[in-house]
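What follows is calculated from the coordinates using simple rules that are stated; it is not laboratory data. Please read these numbers as outputs of a predicted model, since none were measured by experiment.
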């Protein structure tokens, strides 16, 4: 699954994802979670983003289903979640006045049990949009 490209078939999900990618801060946050599971604090420090607005943006990415928890870590003596992006890669194309978004899923998604919500929003590899 990880090496396959999937088309986003849910128009609203594709538009929402495009808006997220268009937000410089959310895009930087999302990219920071692609390769390595990290805590929110780690990413905010790495990206030099203020905690107030950074937490809101990360929580928004979590609520939108673009970041998933991969387990716990200890920070300052307290357990905190580590997160990873569901996307490994994404590609946006314009073909004949249509926007097509293709994604590769991160390995963490392959192991999740609550995939039906995400699967409803993507199509099988290389299926053509209508």
- Note on the structure: Whole-Å distance linking the alpha carbon centroid of segment 65-90 with that of segment 1-28 is 19
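For segment 1-61, would you read off the P(r) tail past 13 Å as a percentage of all alpha carbon pairs?
Value for segment 1-61: 65 percent of Cα pairs lie more than 13 Å apart.
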- Note on the structure: By the Cα gyration tensor axes a ≥ b ≥ c (a/c under 1.5 gives rounded; else a/b larger than b/c gives prolate, otherwise oblate), the shape of segment 31-87 is rounded
